[in-house]
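Report on the structure given below.
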Amino acid sequence: MNFYITTPIYYANDKLHIGNGYTTIIADILARFHKLAGEETFFLTGMDEHGTKIEEAAAAAGKTPQQLVDDNHKLFIETLKALGISNDFFIRTTSEKHKKGVQKLLTTLYEARTPSGEPVIYKGNYEGLYCTGCEKFITEKELTNGLCPAHLTKPKAVKETNYFFRLSAYLDQVEQLIQSGRLKIMPEGRRNEVLGLIRQKLDDFSISRERVKWGIDLPFDPTQRTYVWVDALPNYITAIGYEDNPEEFDKWWNKSQVVHLMAKDILKFHAIYWPAMLLAANLRVPDILFIHGYISLDGQKISKSLGNAISNERLIKDFGRDATRFLLTSQFPFHQDGDINYRRLYEKYNSDLANDYGNLVSRVMKLAFTNFDGKVPTPDDTLEDQSVELRAAIASTPDKAIELIRNIDVLGAVETIWNLIRCANRYFDYNKPWELAKKGQMQLLGTILYRSLETIRIVASLTSPIMPEKSEQVLGMLGFPKGYRPIISDIDRPNFLKPGASLVAGENVFPRLQVPTAEVAATPTVAAVGEDGIITIDDFAKVKLRVAEVLACERVPDATKLFKLQISVGEEQPRQIVAGIAEFYTPEQLVGKKIIVVANLKPTKIRGIDSNGMLLAAKSGKQLSVLTVDRDLPPGATIS
Ligand code: ME8
C-alpha cells in the first residue's frame, strides 16, 4: 500500500512557529518511517496564502499581499530545510496549479446535485460575526466576554450575499463513514467530538466572500472570491495532480492510505466540511485524520498572533537539528497536549541522547579500536554472555517500532527503541568487557562487542527517520557508505555486520550539554531573547525615521482597518501613506498631529492604493497609540 501524508498548510501571515514545526516534524518522521518500511510514500506540506488574515497582515507590514506571501515563503522554506523536512512537494495556494484545481473542484460542485436532486451550491444571504484570526463565522455562543476565545479579538459583524454549500445533504453520509471506521478519526475522543458536532445538525456553510479581494475567483461568479477554507482544503488534492496529472492523482489519492495530520483547532473543517465536499464531488474521502495535542511553552499558548513563540531556529541553535527533532517529538504522546520547558529539554538531551545512546556508541567503539584494531570482531555463539534479553530485544524491536508508527505513535516507537538501547547498556555493564582484555578473554570480548555493534546498527537504522544526520554519522562509524538509507530488510537481517570489516573512528555523537542555571533555563520567548531579531547600530541607522505632519486623512472604502493619509515630511510634495489604524482613531483625531514615519521604505500598493512610508504606533492588547512628538518640531525633523 502507498502512503500519502499531509500537514495543514500554514497561514502565510508570518514565519513558522514551533507548533507548526511540531506537526511537520512528526509528518516527516512518519513519512521517513514508511519509506524505511518499504512503502512508496508522498509527503505534502505547504502554505495558505489567501484571505483577509493575509490581506491585513500585508497592510500592517506595508506590503502587498503577494510581497508578504513571497517573503514568508522564503522563510518557510528556510525553516523546513533547517528542520530537515523531506517533503516531496510544497503547495502554495497562489500557484496556478492550485488555483486551477480549486476552480475545477468548484465547477464540479456547482454542477453537482445532492442525492435528493437539489443543487449542491446555492446563493443566499449571510449576516453574522466573523473572526479573521480563525477565518470563520463565529456565533455569539462561542464568544468569551465578547471576544473570540482563540484570538482574543472582537469578531466583525458582516452582512453579505454568498454562495453556500448544502452541508445538510451530506451529514448523514459523513457520520456513517466515521461510524464505520472508513474515515478514521484518531484519537477516539476527537472522533466522539466530531460525531457530537454532526448530531447538532450543522448549518450549510458559505463558500465565497463578496468583499474579500485576495483570493481565487469563483469560476461561476467572478464577482466573488472563494472562501479561504474552501480554497485551502483542496490543496490535498491539487498538489498531487487533481487538475493536471490524473495518473499521479489516482496513485496518491485513490490507491494510497491517505493521512491528514492537524491539531484540534481545525478539526471541524477537516472532519466534516472536507469529506462532505469530496462526497459531493464524487471523490474518495481520506483514510485517517490524526488530531494531535497542543504544545505550550511553560504553560503559555503558542501562536503566531500572540507572538510568544520560541522559534524553531532557536531550538536548532541550542540543541542541533536532529536533537531538536527528537526532543520535540519524544516528550509526550502525540495525541495529548504537552508543555515544553527549556530545562527539561536539556535534561532529556543529556539522559536519553548523551548518556543512553551517545555513551553506548563511544564505549563500544573505543573497545573495538583498542582491542580489535578498529575491525568488527567475530562473535562466538557458543559463549555464555547472558545475551538472551538483548537478542530478544534485537529481534522484536524493529517490527514493534514500525507497528507503533503505523498507529501514529511516535513516542511509543521512541520508547521501544530506547528500551533496546538500555538493554544493550545493561548487557554491557553486566559483562564488564573492559576487564576481559586484561584477563585475556578476547573471544568473549569480541562476542560482546559484536552484539553491541549490531545493536547500535539497529538503533541507528530505526532512529534514522527521527535523526537522519546522526544516524548517518553512526552508521558511517560502522562502515556504511555515506548516503546509505537503512531499509527494513537490512535492519531485520541478523548479524548483518561482517566480521573483519573496518570501523571508522568518529566524534562523540551527542556531547553532553551544560544545563543552564535556573534563570537562563527559563524558556525563552522570541521577544525576550531577541535572537533572530538582534540588529547592530549600523542596521538601525539604515531606517530613516522622520517627523511628519498629518495634512489629511480618510477611510479606505471597504476596508474597516485602513486609513489613507496625506502627510508632510518636509519635502516639496506631500506623501500618501496607507495605515491599518482605522479601528483606533477617527480621521479628525489624526489631522494636525505630528507623527513618526519610516521615510525610506520602498513604495508599495495596499488595496491598490499607493503607500509611500509607514507610520509608527505602539500596541498593547486591543489598544493602539500612534507615536507623536511632544515639542513643535517641523515636519522632516530626523529621529535618532
Ligand atoms: O489553521 N501545538 O493554519 P495555521 C501544536 N491555514 N501544533 C500547533 C500549535 C500548537 N500550539 N499551533 C499550531 C491553519 N499548530 C490553516 C490550515 S489546512 C487545509 C489549512 C499546528 O498556520 C497544528 O498542526 O494556523 C495546527 O492545526 C496548525 O499548526 C494550524 O496552522
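Over its Cα atoms, what ratio of radius of gyration to 2.2 N^0.38 Å does the stretch 1-81 give?
Taking N as the residue count of the stretch 1-81, the ratio is 1.29.
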Relative to the longest principal axis of the C-alpha atoms of the chain, give the angle of the C-alpha long axis of helix 96-111, reported between 0 and 90° and rounded to the nearest 10°. 70 degrees
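Report, in debye and to the nearest 20, how large the dipole of the chain comes out about its Cα centre when Lys and Arg carry +1 and Asp and Glu carry -1 on their Cβ.
400 debye
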Which whole-Hz couplings ³J(HN,Hα) result when phi for each residue of the stretch 545-552 is put into the Karplus expression 6.51 cos²θ - 1.76 cosθ + 1.60, θ = phi - 60°, listed in order with x for Gly and Pro? 9, 9, 7, 9, 9, 7, 8, 8
Expressed as an acute angle from 0 to 90° and rounded to the nearest 10, what is the orientation of the C-alpha long axis of helix 388-406 relative to the principal long axis of the chain? 20 degrees
Exposure proxy ranking, count of Cβ atoms within 10 Å, fewest first, for Phe76, Phe249: Phe249, Phe76
Cα centroids of the stretch 437-455 and the stretch 70-110: how far apart, whole angstrom? 53 Å
I need the fraction of alpha carbon pairs in the stretch 138-230 separated by more than 16 Å, rounded to a whole percent. 68 percent
To two decimal places, what compactness ratio does the stretch 318-491 give when its Cα radius of gyration is scaled by 2.2 N^0.38 Å? 1.07
Relative contact order %, the stretch 527-639, counting alpha carbon pairs below 8 Å whose residues are six or more apart: 29 percent
Rg and Dmax of the stretch 40-146, using alpha carbons, in Å: what are they? 18.4, 51
Taking H placed 1.01 Å from N in the peptide plane, check which residues at least 5 places from Leu545 or on another chain put their amide H under 5 Å from its amide H. Ala599, Ile639
Exposed loop sites here are GluC sites (Glu not before Pro) in DSSP loop states with at most 11 other C-beta atoms within 10 Å. What is the longest stretch of the chain lacking them? 1-383
D (Stokes-Einstein, µm²/s), Kirkwood Cα radius, the stretch 184-224, 1.567 mPa s at 4 °C: 99 µm²/s
Along the stretch 72-86, what does the Karplus equation 6.51 cos²θ - 1.76 cosθ + 1.60 (θ = phi - 60°) give for ³J(HN,Hα), rounded to whole Hz, x for Gly and Pro? 5, 4, 4, 5, 4, 5, 4, 5, 4, 5, 4, 8, x, 7, 10
Amide H contacts of Ile295 (H built 1.01 Å from N, under 5 Å, at least 5 apart or other chain): Gly338
For the stretch 532-640, run through the chymotrypsin sites (Phe, Trp or Tyr not before Pro) and keep only the ones in DSSP coil with at most 15 other Cβ atoms within 10 Å of their Cβ. none
Rel. contact order, % - alpha carbon contacts under 8 angstrom, at least six apart, the stretch 351-425: 37 percent
Could you work out the percent of alpha carbon pairs in the chain separated by over 39 Å, rounded to a whole number? 43 percent
Quick query: amide H of Lys123 versus all other amide H atoms, modeled in the peptide plane; which residues come in under 5 Å with a sequence gap of 5 or more or a different chain? Phe164
Any chance you could run the full-extension gain for Gln441 through Thr161? It's 0.36 nm times the residue separation minus the Cα-Cα distance, nm to one decimal. 92.2 nm
Counting other beta carbons within 10 Å of each Cβ, put Thr329, Thr161 in order, fewest first. Thr161, Thr329
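Starting with the fewest neighbours, write out Leu551, Leu353 ranked by other beta-carbon atoms found within 10 Å of each beta-carbon.
The order, fewest Cβ neighbours first, is Leu551, Leu353.
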Only Cα pairs under 8 Å and at least 6 apart count here; give the relative contact order of the chain as a rounded whole percent. 13 percent
The alpha-carbon pair-distance distribution computed for the stretch 527-639, with 10 angstrom bins and whole-percent values, is 13, 42, 33, 11, 0
Given the C-alpha centroids of the stretch 379-409 and the stretch 550-565, what is the distance between them in whole angstrom? 69 Å
Counting only DSSP beta bridges with both partners in the chain, the antiparallel fraction in percent, to the nearest 5, comes to 65 percent
Could you give the angle, 0 to 90 degrees to the nearest 10, between helix 442-462's Cα long axis and the longest principal axis of the Cα atoms of the chain? 20 degrees
Looking at the chain, which Cys residues are left with no other cysteine's beta carbon under 4.7 Å from theirs? Cys423, Cys553
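Bear in mind these aren't lab numbers, they're just calculated from the coordinates by the rules spelled out. Everything numeric in this text was worked out from a predicted model, so none of it was measured. So basically every Cβ, Gly included, is an ideal-geometry build from the backbone, and we count neighbours across all protein chains shown.
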